[in-house]
Structure formats: C-alpha cells, structure tokens
Amino acid sequence: MDYAYVRRDITPPVGIRLGGYGHRLGLSSTHVIDPLYLRILYLVNRSGDSVVITQLDLLGLYREDAEKIRDIISGRLGVNRSDVMIATTHTHSAPETIIPMWTHTFPYTKEQKDLYETWFRKLLEIVKEASDDLIYSIDKVSSIRSGYKKVSNLCFNRAFRDGVVDNELSILGVEGDREKIIVANYACHPVTNVGLGISSDYPGEISRQLSRKGFEVIFLTGACGDIDPLQKGVRYMSYLGSVLSEEILSLYYSSEEILSEDLRSLEEEIVLRTRAPNKDLDNLLREYESLKNIYGDTRNLLFDSSWIDLLYLDEELDLLKRGVREIRTIIQVIRIGADNVIIGVPGEVLSETSLLIKEQARSVKYRNIMISAYTNDYIGYIPIERSFIENKYEAKLAKWSFLEKDSETLIKEKILGMLIKLAH
C-alpha cells in the first residue's frame with residue numbers, strides 16, 4: 001500500500017469572528033493562541049482502491065463548502081469524490097464557517113465579512129496546493145496499526161446527570177519511511193478556550209505534543225454532542241491534550257498490525273425532516289424587537305443572563321425565513337483492512353447514539369470503530385428522544401438544532417445498512 005500526507009497552516013487573520021459561543025456577542029478575535037491546520041492523508045492499495053481522509057481545524061462546514069473541497073481533492077488526485085472524507089474538529093475558536101450567530105442582533109460588518117470571504121478563498125487555494133503536493137510525495141506504507149481503549153475522567157455528559165459517556169479512544173497508525181501518522185478518534189467537545197483567541201483547542205494540543213515525538217496526528221472528533229470537558233480554559237486544554245497524547249502514543253505501540261490492504265468507501269444520501277417555528281413572521285419580529293429594545297445597547301447582554309431569550313428569537317427568525325422542511329445530507333463509511341471503519345456523520349451525535357452504533361457495528365464484524373462527527377456537512381444536533389422529552393439544549397429549536405424527532409433513528413438505520421454492505 002502507498003500513502004501521501006500533507007499538513008498546511010490555515011490560520012485566519014486576527015479580527016475574524018469566531019464561532020460556537022453566543023457569549024462572544026459578535027466580537028472579533030483579538031489574538032492567536034495556536035494555529036489552525038489542514039491535514040490530508042491519502043491511501044491507495046495495489047488494486048488502485050483509495051481513500052482520502054481530510055481534517056480541518058474548523059467549527060464545521062456546510063455540505064456546499066465541503067463539496068467544494070472534495071471536488072478539489074478528488075479532481076487533483078484523480079479519485080472518486082465518494083472516496084474523499086472531509087472532517088472538521090469542531091473547535092469553537094475558529095471562524096463561523098457554520099451557524100453564524102446573532103445575525104439580526106450582531107450582523108457582520110463589511111470589514112468582518114470581507115475578512116472572512118478573503119480568508120475562505122485563500123483556504124480553497126491552500127487545499128489545491130496541498131492536493132498537488134500529495135501527488136509528488138507518495139511513499140510506501142511499511143505498516144498500519146489499529147487499536148482502541150477506554151480513557152475516562154476527562155469529560156462529562158452535560159445533558160443528563162445520569163447520562164453515559166463514550167470514552168473510547170481509537171487509533172489507526174500509518175507508518176512510512178518519512179512519517180508516522182496517527183488517525184485518532186475521541187469524543188469530547190473542543191470548547192476549552194472560551195475567549196477571543198484563535199485556537200485549534202485540545203486536538204491541536206494533541207498534535208503539538210505528539211509532533212515533538214515524531215508523529216503527525218489527524219484528529220477526528222467523535223460523538224460529543226452532549227459531552228464537554230470537565231473544565232474550561234487554556235490550562236485544561238493543555239492538560240487534556242497532554243493526557244490524550246500520552247494515551248494515543250501508548251495505544252500506538254501496543255496496537256495490532258493490519259494485515260489486509262483492503263480499502264473501501266461507501267457514501268449514501270439521506271433525507272431528514274426538519275422543524276420550524278410555529279409562529280407568524282410578523283408577530284415573531286415584533287416579539288424580537290420588543291425584547292431587543294429592553295436591552296438598549298446590546299453590549300449590556302454581557303451582564304444579563306437573559307440574553308439567551310433574545311438569542312433564540314434571533315435563531316427562530318432565521319429558521320422561519322429559511323423555510324426549509326427537509327434536508328438532504330450524506331453518511332460516509334470508510335473501511336480500512338478487514339474490521340476497521342470510520343463512520344462520517346454530518347452532525348452532532350450524542351454519546352447515547354454513538355454507543356448503540358458501535359454495538360451494532362461490532363455485531364456485524366467490525367472491531368475498531370471510529371465515529372467522525374462534523375463530517376462532509378453540518379446538520380446540527382441529532383438529539384435522542386429523551387432530549388425532546390426533557391427539553392434539553394440539544395433539542396431546543398435553533399440553527400444548530402432543527403431536525404425532527406425521528407432523525408436519530410433514521411441515521412442509525414442508515415449506518416447499520418451501510419456497515420452490512422461494506423462487510424461483504
């Protein structure tokens with residue numbers, strides 16, 4: 001088997017708006033804590049079958065933007081687009097590539113919009129250059145390793161006091177003459193940095209620490225829809241990265257070698273129904289403006305926790321104007337060797353769902369299962385039935401949560417069917 005690997009800096013300029021936290025209130029970034037990267041791993045076997053695992057330190061990508069990147073990579077490498085996976089780490093200290101928040105309360109200034117658009121165009125150019133470099137850096141794989149283990153006491157289930165945590169750390173190690181690359185998968189929200197600094201969060205800390213020991217890391221964020229780190233702050237970011245990097249390295253050296261060169265990828269579209277506000281647009285606008293006027297200077301929201309009411313009205317306005325009642329998205333499954341799979345899901349999967357998917361996958365034939373969330377698209381949270389019953393944040397209507405209640409079941413069924421197909 002052959003491989004090629006590239007890593008490129010995609011850090012945006014200071015001043016760009018960051019996504020994932022409403023409490024930033026549309027403020028621009030003020031500094032860089034650590035860089036953001038694009039990483040691409042290309043594998044091709046002697047039969048000409050190939051897979052391309054692409055990871056970006058971004059909050060996420062909607063399908064339209066992910067497809068642009070897939071088209072560039074597949075066109076440059078001459079592979080099928082369905083063999084290319086676009087995963088994002090979901091760091092909350094990267095640009096608002098998804099879910100621009102507060103679009104009515106804090107609309108983008110012209111300067112902020114221009115800065116974002118210029119950076120995103122440059123990102124696509126970097127993808128082109130990186131894809132071309134892959135062609136000229138193909139080398140022989142000397143070994144591929146695979147393994148998984150439990151790593152506990154780093155995260156908690158923020159939605160349910162008695163909720164489960166999928167604390168399985170999984171790795172695939174690819175070793176060549178020039179590089180040692182580890183694809184690592186773990187489920188914990190990358191939300192340790194809560195300020196205005198650009199950061200790849202704890203996945204970046206893992207990569208930095210392992211790079212000092214001669215390893216490149218492609219981190220696939222797992223099913224962490226309701227899983228947060230035990231603490232916030234850059235100190236815990238460093239601690240979390242340190243613990244996980246040590247566990248990844250230990251797992252790498254104790255893992256088993258994959259004997260089969262089999263590479264397969266399967267992609268299928270799925271149609272999901274969506275929810276929308278059960279309100280009249282004019283009445284919703286009046287309700288929003290009335291509440292907004294109460295605050296006067298919206299910067300006062302920094303000192304009043306009831307800003308959440310205004311936020312959700314802002315979100316409902318966006319959803320009502322969009323008027324979408326169903327979405328078409330994709331699920332992707334990559335098989336490496338006989339019993340290792342990476343399941344690409346386009347939204348925020350909960351731990352409860354992740355554990356059920358892994359149980360199903362192991363009942364089919366698979367041993368090492370990676371669930372890569374925030375992959376190839378972003379469709380928001382995929383809540384379980386209990387989320388709706390208890391009116392949890394993950395199910396409350398917004399641009400990050402608009403799927404109908406049956407979506408989680410449909411996605412699980414789709415994944416199981418695809419796993420069965422790939423097993424033969």
Legend entry - Under the Debye formula (equal points on every Cα, no solvent term), log10 I(q)/I(0) of segment 324-424 at q = 0.11, 0.21, 0.22 Å⁻¹: -0.33, -1.05, -1.13
Inset, instruction - Note the angle between two axes, namely the Cα long axis of helix 110-135 and the longest principal axis of the Cα atoms of the chain, as a number of degrees from 0 to 90, rounded to the nearest 10. - result: 10 degrees
Inset, instruction - Classify segment 139-225 as rounded, prolate or oblate from the Cα gyration tensor: take a ≥ b ≥ c as the square roots of its eigenvalues, call it rounded if a/c is under 1.5, otherwise prolate when a/b beats b/c and oblate if not. - result: oblate
Legend entry - Solvent exposure, largest accessible area first (probe 1.4 Å, DNA, RNA and ligands not counted), of 280, 132, 83: 280, 132, 83
Legend entry - Dipole of segment 54-137, positive end: most advanced residue of 103, 90, 66 [Cβ charges, Cα centre]: 103
Inset, instruction - Compute the Kirkwood hydrodynamic radius of segment 204-283, taking the inverse of the mean of 1/r over all pairs of distinct Cα atoms, and give it in Å to one decimal. - result: 17.3 Å
Legend entry - Dimensions (Å) - segment 227-369, Cα atoms, principal axes, largest first: 65, 42, 21
Inset, instruction - Could you state how much accessible area residue 23 has, in square angstrom rounded to the nearest 10, with a 1.4 Å probe and all protein chains kept in place? - result: 80 Å²
Legend entry - Rg/Rg_ref, segment 96-247, where Rg_ref = 2.2 N^0.38 Å and atoms are Cα: 1.24
Legend entry - Fraction in percent of alpha-carbon pairs per bin - 5 Å, segment 1-88: 3, 12, 20, 20, 15, 12, 8, 6, 3, 1, 0
Inset, instruction - Determine how large the accessible area of residue 133 is when every protein chain is in place; take a 1.4 Å probe and give Å² rounded to the nearest 10. - result: 60 Å²
Inset, instruction - Quick one: pull the percent of accessible area on the chain belonging to carbon and sulfur, 1.4 Å probe, ligands and nucleic acids left out. - result: 49 percent
Legend entry - q = 0.07, 0.08, 0.10 Å⁻¹, the chain: log10 I(q)/I(0) [Debye, one scatterer per Cα]: -0.32, -0.42, -0.66
Inset, instruction - Would you mind checking the tilt of helix 351-364 against the longest principal axis of the Cα atoms of the chain, expressed as 0 to 90 degrees and rounded to 10? - result: 30 degrees
Inset, instruction - Calculate, for segment 138-192, the solvent-accessible area per residue in square angstrom, rolling a 1.4 angstrom probe over the heavy atoms of the protein chains. - result: 38 Å²
Legend entry - Shape metrics for segment 163-309, restricted to C-alpha atoms - Rg then Dmax, Å: 22.1, 66
Legend entry - Over 32 Å between alpha carbons, listed pairs 113/232; 392/421; 150/365: 392/421
Inset, instruction - Taking only the C-alpha atoms, wrap a convex hull around segment 1-154 and report its volume per residue in Å³ as a whole number. - result: 143 Å³
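The values are calculated or read from the model by the stated rules, or taken from the named source; none is laboratory data. Small disclaimer: the values here were computed from a predicted structure and weren't measured. All Cβ positions, even for glycine, are placed from backbone atoms using ideal geometry, and neighbour counts span all protein chains on display. Each accessible area value is taken on the protein alone, full model and side chains, heavy atoms only, with ligands, DNA and RNA left out. Shrake-Rupley method; radii C 1.70, N 1.55, O 1.52, S 1.80 Å.
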